[in-house]
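A.B. asks: Submitted below is the structure of interest, expressed as structure tokens.
The values are calculated or read from the model by the stated rules, or taken from the named source; none is laboratory data. Since the structure is predicted, the reported quantities are computational estimates derived from the model, not experimental observations. Cβ placement follows ideal geometry from the backbone for every residue including glycine, while neighbour counts extend to all protein chains displayed.
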Amino acid sequence: MTQEFDLAASLARGVEGRDGAWSFVRDFAAHWAGAALVGDDGWTEDDLAAAEKRLGFRLPTALREAYLLFGRRRDLTCHHDVLLDPAELYVDDAGEALVFRHENQGTAIWGILLDSLQDDDPAVFVRLDLADKSAERWEDWLGRLSLGFVEIVLSESVQADEDVCDFLEPDGEDLALMEAHSVRLPFPAYPPGGAIRWFLGRDVLLRDDDGAAVLARGRTAADLDRLRDLIPGDWLHDPR
């Protein structure tokens, strides 16, 4: 872990509310993503106003704040899944939710229910693309949109360049080693009924997808190699 940025402490503040969430994103961008946020990283008020005029309603405060702060930083939002631009925001066909994010192969979309748009920091829902369309419905994802954006930044970070990121289908021993060599981060398990968990090792961020996969990002390639030595599983991108 680094002295200049205590990721766990910053994340603990980030899960408490909007101000903490945006502070975490600023810190993470500067110390893990390689570039501090600057003014051009966000969309403009004119961009958001145009989207609101097209949609016919005002966007929730948390969505506006996120877009204004870092909505154009694709390295924070779009390595794998896609945060929609303001001009791409839309209401789903059923007229139930404002959609703001797509899974990269079209298997899921994330949205905000229209009846909660008046909330400053509404809940985030996900809708899976199922073979049985009649079974599709909006399911709980995270309880606040600001928390959802923290999750976006974390999840996109572990799916970045292969020199600092890797993927493992773990067995029980791998998971035990991960827990032994890292600490559980203060981010709630999600979605409800699921068990996606976040961990922090020595300059390595890890996401455990309910034991089915572990995604890892080192601050440097050397940090990632050190993790692979500690957890000598069948890492997908290990060149050694």
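A.B. asks: With respect to the numbered conditions (1) assigned by TED's automatic domain parsing to the domain that holds Ala62; (2) at pLDDT 95 or above; (3) not aromatic (Phe, Trp, Tyr), which one is the sole condition not fulfilled by Leu175?
C.D. replies: Here Leu175 clears every test but (1).
A.B. asks: Additional query: Any idea which of Leu98, Leu59, Leu83, Leu63 is more than 22 Å from Ser23 (Cα to Cα) and touching a strand residue (DSSP E or B) at 6+ places or on another chain (Cβ under 9 Å)?
C.D. replies: Leu98
Yes/no per residue for (1) in contact (Cβ under 8 Å) with a residue 24 or more places away in the chain; (2) in the same structural domain as Trp32 (by TED's automatic domain parsing); (3) more than 13 Å from Val25 (Cβ to Cβ):
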| position | (1), (2), (3) |
| --- | --- |
| Thr61 | yes, yes, yes |
| Arg64 | no, yes, yes |
| Leu68 | yes, yes, no |
| Arg73 | yes, yes, no |
| Asp81 | yes, yes, yes |
| Ala87 | yes, yes, yes |
| Ala97 | yes, yes, yes |
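A.B. asks: Something else about it: Taking the stated definitions as given, is Glu52 surrounded by fewer than 18 Cβ atoms within 10 Å (Cβ to Cβ), over 18 Å from Leu200 (Cβ atoms), touching a Lys or Arg at 6+ places or on another chain (Cβ under 6 Å) and in the same structural domain as Ser116 (by TED's automatic domain parsing)? Can you show your working first?
C.D. replies: Values: surrounded by fewer than 18 Cβ atoms within 10 Å (Cβ to Cβ): yes; over 18 Å from Leu200 (Cβ atoms): yes; touching a Lys or Arg at 6+ places or on another chain (Cβ under 6 Å): yes; in the same structural domain as Ser116 (by TED's automatic domain parsing): yes.
Judged against the criteria, Glu52 is a match.
A.B. asks: Given Glu162, Glu136, which one is surrounded by fewer than 16 Cβ atoms within 10 Å (Cβ to Cβ), in contact with a Lys or Arg (Cβ under 9 Å, 6 or more places away or on another chain), of a type in the set (D, E, K, R) and modelled with pLDDT under 95? Walk me through it before giving the result.
C.D. replies: On the way: Glu162 fails: in contact with a Lys or Arg (Cβ under 9 Å, 6 or more places away or on another chain).
None of the other options fit; the residue is Glu136.
A.B. asks: Moving on. Can you confirm whether region 195-205 contains a residue that is touching a Ser or Thr at 6+ places or on another chain (Cβ under 8 Å), of a type outside the set (Val, Ile, Thr), in contact (Cβ under 8 Å) with a residue 40 or more places away in the chain and part of a strand (DSSP E or B)?
C.D. replies: yes
A quick yes/no check of all residues on (1) surrounded by fewer than 20 Cβ atoms within 10 Å (Cβ to Cβ); (2) among the hydrophobic types (A, V, I, L, M, F, W, C); (3) over 15 Å from the mean Cα position of the chain (by Cα):
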site	(1), (2), (3)
Pro191	yes, no, no
Arg202	yes, no, yes
Leu205	no, yes, no
Ala213	yes, yes, yes
Gly218	no, no, yes
Arg226	yes, no, yes
Leu230	yes, yes, yes
Leu236	yes, yes, yes
Arg240	yes, no, yes
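A.B. asks: As an exercise: evaluate Phe187 against (1) buried (at least 20 other Cβ atoms within 10 Å of the Cβ); (2) not in a loop (DSSP other than H, G, I, E, B) and give the number of the one condition it does not meet.
C.D. replies: (2)
A.B. asks: Please find, within region 27-51, the residue that is farthest from Pro86 (Cα to Cα) out of those that are part of a helix (DSSP H, G or I) and in contact with a Ser or Thr (Cβ under 9 Å, 6 or more places away or on another chain).
C.D. replies: Here is the first cut: in region 27-51, the residues part of a helix (DSSP H, G or I) are 27-31, 39-41, 45-51.
Next cut, in contact with a Ser or Thr (Cβ under 9 Å, 6 or more places away or on another chain) only: 27-28, 31.
On the way: Asp27: 24, Phe28: 23, His31: 27 Å.
If we take residues in region 27-51 being part of a helix (DSSP H, G or I) and in contact with a Ser or Thr (Cβ under 9 Å, 6 or more places away or on another chain), then His31 is farthest from Pro86 (Cα to Cα).
A.B. asks: Can you tell which of Ala160, Ala222 is under 19 Å from Asp27 (Cα atoms) and out of contact with any strand residue (DSSP E or B) (no Cβ under 6 Å at 6 or more places or on another chain)? It would help to see each step written out before you state the result.
C.D. replies: Values: Ala222 fails: under 19 Å from Asp27 (Cα atoms).
Testing whether each residue is under 19 Å from Asp27 (Cα atoms) and out of contact with any strand residue (DSSP E or B) (no Cβ under 6 Å at 6 or more places or on another chain) leaves just Ala160.
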